[in-house]
Amino acid sequence: MQQNWDVEADIVVVGFGAAGVAASVTAHDLGAEVVILEKAPEGEHGGNTRVAGQGYLNMTSAEDAAAYLTALCGPYAVPKAMVRVWADEMCRNNQWLESLGGDPQEHQHPPVGIEFPDLPGADCVHKFHDGPTYGYSYTWKRFESLVKERPIPILYETPARALIQHDQTKETLGVRAQRRDESIYVKARKGVVLTCGGFENNQQMIRNYLPGVPYCYTSGSPYNEGDGITMAMSVGADLWHMNNYAGPSMALKVPEIRTTFSMQALHFSKKRPGGMIVVGPDARRFCDEKYKTRHGKIPVNGRWLPLSTPCPMYMVFDHALFSAGPLYDKHPSHGWTQIIERYEWSEDNSAELAKGWIKTAPNIASLASAVGLDPTALEGTVGRWNRYCEAKHDPEFDRALMMEPIVEPPFYAVELSPSMLNTQGGPRRNEKGQVVRPDGTPVSRLYSAGELGSIYSYLYQGTGNIGECLAFGRISGRNAAAERPWG
Ligand SMILES: Cc1cc2nc3c(=O)[nH]c(=O)nc-3n(C[C@H](O)[C@H](O)[C@H](O)COP(=O)(O)OP(=O)(O)OC[C@H]3O[C@@H](n4cnc5c(N)ncnc54)[C@H](O)[C@@H]3O)c2cc1C
């Protein structure tokens with residue numbers, strides 16, 4: 001059994017995002033001594049929460065919230081007791097934030113963003129952020145200050161690597177973490193709370209668990225690599241919701257930058273001049289490029305299914321779009337590329353053309369050859385698209401926005417990859433926030449919260465993730481704080 005410890009606390013929280021904040025603040029305010037381990041260096045901490053749109057859910061009726069979540073999850077619903085606990089706690093997010101000096105403000109801009117308004121209970125969905133402005137890490141800054149104004153040490157650049165258990169009782173005793181090239185041992189007298197996010201940057205797990213994508217990148221934190229899943233599996237945890245994720249969308253990913261670039265022309269709300277379509281490896285279109293997916297899901301035969309992303313995909317467009325300003329939506333309201341990487345995309349796209357991120361050619365056939373597509377097939381697709389624009393009707397995918405022909409030479413192509421905001425899967429947790437084994441028994445003194453093992457099993461309501469981070473962060477924080485210290 002581990003004898004020597006480098007750091008000690010009642011509760012060790014692994015990961016400094018919204019879930020880590022809610023768990024540590026709650027446990028601290030109940031009298032527990034808390035330490036946070038964070039993998040990222042200071043300045044790149046905060047995970048997906050820091051670069052999110054900053055909205056969180058606060059439901060107005062627990063009954064309706066339970067009905068809405070049950071409908072979102074579909075026929076293989078999460079256990080009723082879990083739904084109920086989630087619903088009750090999701091009604092208390094504003095109250096909690098206000099009690100700590102926060103300033104919850106409801107999103108005002110229409111539509112308020114109920115993604116599935118026809119589902120039962122949808123009226124109880126209300127989206128909030130902290131303070132007068134939406135986006136720009138503002139809600140995160142409030143969360144972060146709640147930790148920093150308390151005596152909660154944060155060990156940056158200290159990723160947790162393994163859970164330490166008692167040899168015989170299998171109680172969770174602490175964590176082995178890494179500092180530079182050394183292991184350090186962190187004792188958790190009461191318990192460990194895993195809040196270290198999903199597996200957005202672990203291509204092996206993406207291949208194993210996410211449906212229909214050969215690879216996928218993220219617009220969120222590059223530090224979320226599924227570590228919590230590996231650690232929890234190593235102590236016998238069950239997994240759930242591994243195939244659910246907030247995606248895919250289509251975005252540019254280049255090797256030089258860790259996260260994805262969103263293309264303005266693909267955003268449903270952005271009207272850009274010029275013609276644009278997206279094609280797959282057969283040089284044919286496969287979707288309404290301007291459709292506002294419900295976090296990656298589109299309606300197919302009366303059901304919501306993930307957008308198909310036949311890779312490699314290419315956005316094909318003309319000079320009218322190229323010359324209308326930056327192709328990348330660099331507005332820093334949210335997204336890791338915008339807020340942390342801050343790559344300076346050129347105003348006229350010339351730098352990215354020179355880097356080869358954008359390919360160009362004088363005609364469609366030579367553009368096709370430049371990116372490895374069949375020239376005749378691409379000419380056929382562009383010709384059909386241009387006729388649809390003339391007729392103002394897209395008989396293939398019913399696209400209604402930016403129905404502009406691709407006519408002005410030269411022509412351009414950008415390779416697109418599947419991109420996501422975040423994964424939802426991870427170790428299964430129970431109503432107390434305890435991580436459980438396949439037989440439902442809890443792994444002693446091990447808790448979790450946030451997108452690592454989120455409750456969302458299929459459809460997802462925007463702002464539900466941060467809302468859940470707060471709800472289960474509090475639940476796990478208070479149950480861990482109530483544990484009797486083992487030593
Ligand atoms: C662009 C974007 C917009 C979004 N907008 C919204 C929105 O408006 N509303 C909403 O509800 N959701 C939104 N989401 C999703 C939401 O941001 C996340 O699901 C949520 O913030 C996850 O919080 P978390 O605390 O579980 O994890 P995170 O906030 O990702 O934090 C996890 C932390 O754990 C750290 N970590 C990872 N591994 C280790 C390790 N081994 N040891 C120690 N630390 C580790 C990471 O560095 C990170 O700091 C958005 C996501 C993105 C990317």
Out of LEU173, LEU210, sole residue that is buried (at least 20 other Cβ atoms within 10 Å of the Cβ), within 28 Å of ASN4 (Cα to Cα) and more than 11 Å from the ligand (Cβ to nearest atom)
LEU173
Being of a type in the set (D, E, K, R) and either within 15 Å of the ligand (Cβ to nearest atom) or outside the structural domain of LYS141 (by TED's automatic domain parsing) (or both): is that true of ARG92 here?
no
Breaking point among (1) of a type outside the set (D, E, K, R); (2) assigned to a strand (DSSP E or B); (3) outside the structural domain of PRO104 (by TED's automatic domain parsing), for PHE397
(2)
Taking first residues from region 23-52 that are in the same structural domain as ALA188 (by TED's automatic domain parsing) and second residues anywhere that are of a type in the set (Asp, Glu) and within 6 Å of the ligand (Cβ to nearest atom), the pairs with Cβ under 8 Å that are 6 or more apart or on different chains are LYS39/ASP227; HIS45/GLU38; ASN48/GLU451
Which ones in region 453-484 are under 23 Å from GLU33 (Cα atoms) and either touching a Cys at 6+ places or on another chain (Cβ under 7 Å) or part of a loop (DSSP other than H, G, I, E, B) (or both)?
ALA482, GLU483, ARG484
Might you let me know whether region 195-203 holds any residue that is charged (D, E, K, R), near the ligand (Cβ under 10 Å from one of its atoms) and buried (at least 21 other Cβ atoms within 10 Å of the Cβ)?
yes
Matching residues in region 213-225 - criterion: being buried (at least 24 other Cβ atoms within 10 Å of the Cβ) and within 8 Å of the ligand (Cβ to nearest atom):
THR218, SER219, GLY220, SER221, TYR223, ASN224
Restricting region 202-242 to residues that are of a type in the set (Ser, Thr, Tyr) and in a helix (DSSP H, G or I), the one nearest to the chain's Cα centre (by Cα) turns out to be TYR209
Screening THR139, THR133 for residues that are free of Cβ contacts under 8 Å to residues at least 12 places away in the same chain, within 14 Å of the ligand (Cβ to nearest atom) and in the same structural domain as ALA67 (by TED's automatic domain parsing) leaves only THR133
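Pull up region 243-269, narrow it to residues that are of a type in the set (Ser, Thr, Tyr) and either over 27 Å from ILE406 (Cβ atoms) or in a loop (DSSP other than H, G, I, E, B) (or both), then point me to the one that is farthest from the chain's Cα centre (by Cα).
Among them, the one singled out is SER269.
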Mind listing whichever residues of region 1-45 are closer than 25 Å to THR463 by Cβ and in a strand (DSSP E or B)?
VAL13, VAL14, ILE36
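The values are calculated or read from the model by the stated rules, or taken from the named source; none is laboratory data. The structure presented is a predicted model; accordingly, all values stated were derived computationally and were not measured. For neighbour counting, all protein chains shown are included, and Cβ atoms are generated from backbone atoms with ideal geometry for every residue, glycine included.
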